[in-house]
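Every read-out reported here was derived from the displayed coordinates using simple, explicitly stated rules and does not represent laboratory data. Owing to the predicted nature of the structure, the values given are computational and were not obtained by experimental measurement. Here the Cβ is made from the backbone with ideal geometry for all residues, glycine too, and neighbour counts use every protein chain on show.
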Amino acid sequence: MTDTITPVGRLTAGTVTAVLHAAALAPSRHNTQPWRFRCTPDGIDVLADPVRSLPATDPGQRELLMSCGAALFNLRVAIQAHGIDPATTLCPRRDEPDLLATVRPFAKRSVDTRIALLAGAIATRRTNRGEFSSRAVSAPALNAMRSAAESERAWMPQLDTTQLHRLRELVVTADRIQRESAAVLRELNEWTGRAPTAVDGVPVLSTVNGSDAWLLHECGGSGPLGTPTVVVIGSVEDGQPDRVRVGQAMQRVLLTATAAGLSVSFISQPVEVPSARAELRQVLGGGIWPQIVLRVGYGGPVPSTPRRPLHDMIAGEQVRTG
Ligand SMILES: Cc1cc2nc3c(=O)[nH]c(=O)nc-3n(C[C@H](O)[C@H](O)[C@H](O)COP(=O)(O)O)c2cc1C
């Protein structure tokens, strides 16, 4: 199967393998890794893997598209870190909706420090569900994260104390709604608490007491550790390409945070339950669609989460015409 990793344009087969490894280190809901990659003579295609969707938790596949967007961003940065500029086209073919992007390596470029920093953070970034210290996140780090979102055409508002209070109520309500759904619970049980040998899903070692209880506590506004820093990544539009785009923005924000020594965890419930998402949109002023909520701070070390072998993510050969 690895013989489907072929040279692509200016990239040797070895470089293609390295950049695909980097792409696969992207975060994904429940570590489903819902992407596939296809090498063609002139580019690398990023495809959704609908078999790895979460029909109850993510019925619109919004988070699946964001996860693939995150993989796409890693791919772009890894190619740039090899001194090649990639040209990216989102959702290029109407007759192939699972094809989310085509990345064509097209010109040599020098590697600037900004790209080197982002590329260096790909392997060290991880979701940190532990407690964060009371140290305030510095304004320059938050500004860098905001610019990272904006350079990928997304927005990153930070919640003030009143908005945080409202968010907590939304998290509690959304969490209750989700726990009333047998199908959502089934997906949670299926994909989390995995044995250390599993190649996908969230390992038991990465969860805190096996539950999301921390987030109800952490979102509670001013606690013993101070007021948490919580940001939302949002977009003006909410269609398929917008979700892939916002996934790239999310990953750029996460890598920027990692490079600044910050830890981040995800708060999905209020964007997964439609009524909570609509309310969160209003809390943010009504102008953007909230796509993901992130808690940011300084946390301790956490173990890495496994990934499937690369050959499992390579789409079968398919000749593209036209
Ligand atoms: C769109 C999206 C939503 C996520 N939502 C949650 C969440 O609600 N709770 C959580 O603990 N982790 C969440 N995660 C983090 C994933 O579980 C994590 O990315 C995955 O387990 C891989 O681990 P890593 O990020 O450390 O590489 C989310 C990730 C993505 C991309």
Rounded to one decimal in nm, the spacing of the 7 Å Cα→Cβ label points at GLU96 and ALA195 is 3.7
Global form of the range 110-214, assessed from the alpha-carbon gyration tensor, a/c cut-off 1.5:
oblate
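What shape does the chain take by its C-alpha gyration tensor, where a ≥ b ≥ c are the square roots of the eigenvalues and a/c under 1.5 counts as rounded, a/b above b/c as prolate, and the rest as oblate? Could you put the intermediate results ahead of the total?
On the way: a/c = 1.65, a/b = 1.46, b/c = 1.13.
Note, shape of the chain comes out prolate.
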Cα convex hull of the range 2-126: how many Å³ per residue?
105
If you take every residue apart from PRO27 with its C-beta less than 9 Å away from the C-beta of PRO27, what net charge results, scoring Lys and Arg +1 and Asp and Glu -1?
+3
Relative to the first principal axis of the alpha-carbon coordinates of the chain, what is the inclination of helix 274-283, with its axis defined by its Cα atoms, in degrees from 0 to 90 and to the nearest 10?
70
Once a ≥ b ≥ c are taken as the square roots of the eigenvalues of the Cα gyration tensor of the range 139-297, is the result rounded (a/c under 1.5), prolate (a/b larger than b/c) or oblate (a/b not larger than b/c)?
rounded
The range 265-317 versus the range 106-155: alpha-carbon centroid distance in Å
16
Zone of ARG135's modelled label, taken as backbone nitrogen in the range 287-315 under 12 Å from a point 7 Å along Cα→Cβ
297-301
